Amino acid sequence: MIAVEKAIDVVLSDLDSVTLHFLESCVSCGLCVPFCPYTVAGPTYEPVNKAEAMRHIYRRKMTIAGRILGPLVGAKYPRSEEDLDRMTNMAYRCVNCRYCYQTCPFGIYSGKLVIMLRRILDKVGRAPSVLKYLQTIELSDSVLINESVRERWASILDEARKSIGKDLPLDKKGADVVYLPWLVEALLTPEVIVSTIKILDMVGENWTMPSEPLGFEPPMGVIVGDRDSERKVFRRINSYLAKVGGKRALMSHGGTPYMEMRFEMPFVMNERPPYDVIHVTEYLAELYEKGKIRIRKEESGKVTWHDPCKLARGSGVVEQPRILVKASTTNYEDLPHGTGMYSHCCGGGSGIALITCDGRKLVEEFTREKIKPAEWEEKICPPLEEDYKKAIKQKIDEISEINANIVVTGCSTCIYNINKGATLYDRDFQAIHIVQYLLDKIEVT
Amino acid sequence: MGLYEFAIYDMFTPTIAIFAFGMVYRLSRYLFLYKRTAQPVWRRTSFVHRIYILIDAFLHAIVAAIKRSKVTFVTGIFLLHLFGVIPILFLLSHHIAWWSYYFPPYSILRPFAIPTSSTSSTLTVTAPFTPVTDMSNGFVNTIWGPLTIILNGDVLAILAIFGTTFKLLERIVKKVKERLDRIRVGDFVALVLLLVILISGYLATHHLPSNEIETYKLMLGIHILMAELLVILLPFTKFFHFVFGFWYGKLHEAYDLWRRGL
């Protein structure tokens, strides 16, 4: 752990002109406010107010007026434990869904400034223990850190083997498609990994996958705010893909890993990877449009598609899933409060679901290890739990508005949060991953 | 020497000099911090779609505001900006005359001049004509036709004053009640300054509070001096959004959306 000022120096040392714009151009109009899933937690957690915490630091460090006039011009460093508590509360009430960016009249991405807060907090020992633990797992030589995790992974692979009736082509060189399942999927939606494998086998793809996941939800560094670990994990993934010679990295998880590898990795690593990054919805839509698969249309209860923020707003995958889902049912309806670029987030991404009490328990049960929370976390987690429930309720209410029975989506975190919300608020629908949803509807031509 | 002469003759050059220095300072920070990095593979979209996204980038926040932040849209975007400060600043006949004096090509906008009021006035740049009615006032004949009833300095200034006052009070309430960090001292400075400029301009135009030349010169002096102060502060305050932040932000956003194929 290092001093706050040193942490600030490190984080602000790699400022670029776009981030400078995010820091300097806000007029506090508040147009981002109604769109943030955490505004329901109170005005303190409005996106512009959370970003202001980073602007205080920036002004104190990098503006003449801030250095001379200090707090009078909104320029100050967090000094006390209370200041750090407040900053931590703000940093962990942002899912980085990019909705603030999309609705800001000046194109300011407040979420990026919240990531900077997380980076400072991580450096002063203020990253939540669950996320730090998962980051440590991700940075270890093998993410299958103990018997419990190894057993879970082995059981998933076993089930996949049984379902296709043959050995899995693990770590095969020269495959066209390298499927990259992550450990977070083994935790939240193991059946998605099995379904994806079945589909790859069914369509006769020349594919492979790593014998063990290359990360928990890579890069965990972006979630806890550790740029060095981001690079380290990206390097590991890149070297694996170089080793097997894969042309396309395929993911079923449309959360952080997809957007980070597809769009952010070149900025972080300053190099463009020599492979394409695709989500399974893009892959299936491509096969469907080329006529290589057919999708059986069925009468069903109402089906809707939830756009995961990282997949849609963050990565532009909007049309493909709709093509697939609409082909499968006679009863499809889009969510009422906005789709694609204007989709409302599930409320639990960027690590938030995992740092709640239930999230912690889930990880502990998965790894069969006790994760001891830091003293400051004891104060911060109970109110966060309440705010998380309020945040996910907005999505739950939106789904209920159209009386949907099945919510199809493409991100394991969204599935977890929506299903948790449905249970919590006693609603009668279920979220399901698109590969599971389509599995028995796909026919290979 | 009075305030009016001071504002007109003494402050003009220093104002422009400080503004220019401030702009160079602010823009150079952007240039020095520019980092060239590797790019992700762009999603393929058509040229037409990219043009649509470029236009949409400038508009979608406004559309979102109409849907979900109606009060902010009406007071902040519509009254304060679109139907207040922007047309007054760039199209009010007096201001067109001012802009044209320092930058002659600006006079090309003269046909679009907005008069001070919808009724005839010696302060308007367009000739009044007398309608064939028994009303005592003539009407100003502008390119705006009947729209002049609302597109005139009086109406626009009152709407802008209303919008600015609302934003000022809203911020005071938010700061006191909700103790929001995001409400900054600079917000109050900017809004009070804008309000003083709008009110003094309105009073000067109408020769208020009295019809004496000294009062008129005082009001006009305050108006010009405060406008100069705004220009001085522009590169160092939130007013910067008007000349740079808005344009840079939206162009960057459009570029980012192109990349992601949205």
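The values are calculated or read from the model by the stated rules, or taken from the named source; none is laboratory data. Quick caveat: nothing in here was measured; it's all calculated off a predicted structure. No Cβ is skipped: glycine too gets one built from the backbone with ideal geometry, and neighbour counts run over all protein chains shown. What goes into the accessible areas is simple: the full protein's heavy atoms, side chains included, and nothing from ligands, DNA or RNA. Shrake-Rupley method; radii C 1.70, N 1.55, O 1.52, S 1.80 Å.
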Quiz item: Does A:P128 qualify as being modelled with pLDDT of 95 or more, under 30 Å from A:E81 (Cα atoms) and in contact with a helix residue (DSSP H, G or I) (Cβ under 6 Å, 6 or more places away or on another chain)?
Solution: yes
Among residues of the stretch B:18-31 being more than 7 Å from chain A (Cβ to nearest Cβ) and among the hydroxyl-bearing types (S, T, Y), the residue surrounded by the most Cβ atoms within 10 Å (Cβ to Cβ) is B:Y25
Practice problem: Look at A:E159 and say whether it is open to solvent by 20 Å² or more (accessible area, probe 1.4 Å), charged (D, E, K, R) and assigned to a helix (DSSP H, G or I). | Solution: yes
Residue hits (the stretch A:290-337; charged (D, E, K, R) and more than 28 Å from the chain's Cα centre (by Cα)) are A:K290, A:K292, A:R294, A:R296, A:K297, A:E298, A:E299
Checked A:S350, A:S328 against criteria (away from every other protein chain (no Cβ under 14 Å), more than 29 Å from A:P218 (Cα to Cα) and of a type outside the set (A, V, I, L, M)); the one match is A:S328
Here the qualifying pairs (Cβ atoms under 6 Å; residues six or more apart or on different chains; first in the stretch B:17-33 and within 16 Å of A:S25 (Cβ to Cβ); second open to solvent by less than 60 Å² (accessible area, probe 1.4 Å) and of a type in the set (A, V, I, L, M)) come out as B:L33/A:L15; B:L33/A:L20
Scanning the stretch B:1-11 for residues that are hydrophobic (A, V, I, L, M, F, W, C) and open to solvent by 50 Å² or more (accessible area, probe 1.4 Å) gives B:M1, B:L3, B:F6, B:I8
Flagged pairs (Cβ under 8 angstrom, 6 or more apart or on separate chains; first in the stretch B:156-179, farther than 30 Å from B:I114 by Cα; second buried (at least 21 other Cβ atoms within 10 Å of the Cβ) and aliphatic (A, V, I, L, M)) are B:R171/B:I183; B:R171/B:L191; B:K174/B:I183; B:K175/B:I183
Residue under question is A:L170, and the condition is that it be out of contact with any Phe, Trp or Tyr (no Cβ under 6 Å at 6 or more places or on another chain) and either β-branched (V, I, T) or surrounded by fewer than 19 Cβ atoms within 10 Å (Cβ to Cβ) (or both); does it hold? yes
A:G314 vs (1) open to solvent by 10 Å² or more (accessible area, probe 1.4 Å); (2) within 11 Å of chain B (Cβ to nearest Cβ); (3) touching a residue at least 60 places away in the same chain (Cβ under 8 Å); (4) of a type outside the set (V, I, T): all pass except (1)
The residue that is least open to solvent (accessible area, probe 1.4 Å), considering only those in the stretch A:257-301 that are closer than 20 Å to A:K232 by Cα and basic (K, R), is A:R262
Scanning the stretch A:1-39 for residues that are farther than 20 Å from A:C97 by Cα and small (G, A, S) gives A:A3, A:A7, A:S13, A:S17, A:S25
- Query: Somewhere in the stretch B:32-41, is a residue more than 24 Å from A:E46 (Cα to Cα) and buried (at least 17 other Cβ atoms within 10 Å of the Cβ)?
  - Reply: yes
- prompt: Got at least one residue in the stretch B:34-42 being under 30 Å from A:P273 (Cα atoms), at pLDDT 90 or above and out of contact with any helix residue (DSSP H, G or I) (no Cβ under 9 Å at 6 or more places or on another chain)?
  reply: no
Taking the stretch A:20-34 and the residues there that are in a helix (DSSP H, G or I) and open to solvent by less than 10 Å² (accessible area, probe 1.4 Å), the one that is farthest from the other protein chains (Cβ to nearest Cβ) would be A:L23
Practice item. Determine, yes or no, whether B:F246 is out of contact with any helix residue (DSSP H, G or I) (no Cβ under 8 Å at 6 or more places or on another chain) and within 14 Å of another protein chain (Cβ to nearest Cβ). Key: yes
Of the listed residues (A:V130, A:V149, A:V194), the one being out of contact with any Leu (no Cβ under 8 Å at 6 or more places or on another chain), among the β-branched types (V, I, T) and either outside any loop (DSSP other than H, G, I, E, B) or buried (at least 20 other Cβ atoms within 10 Å of the Cβ) (or both) is A:V194
Of the listed residues (A:A51, A:A65, A:A91, A:A75), the one being within 13 Å of another protein chain (Cβ to nearest Cβ), among the small types (G, A, S) and over 15 Å from B:G186 (Cα atoms) is A:A51
- Is it fair to say B:V231 is open to solvent by 30 Å² or more (accessible area, probe 1.4 Å) and either in contact (Cβ under 8 Å) with a residue 24 or more places away in the chain or within 30 Å of B:P40 (Cβ to Cβ) (or both)? yes
- Message: Can you confirm whether B:E178 is open to solvent by 40 Å² or more (accessible area, probe 1.4 Å) and either away from chain A (no Cβ under 14 Å) or on the phi > 0 side of the Ramachandran plot (or both)?
- Response: no
Checked pairs for the stretch A:56-78, first in a helix (DSSP H, G or I), second of a type in the set (A, V, I, L, M) and open to solvent by 90 Å² or more (accessible area, probe 1.4 Å), C-beta under 6 Å and 6 or more apart or across chains, list as none
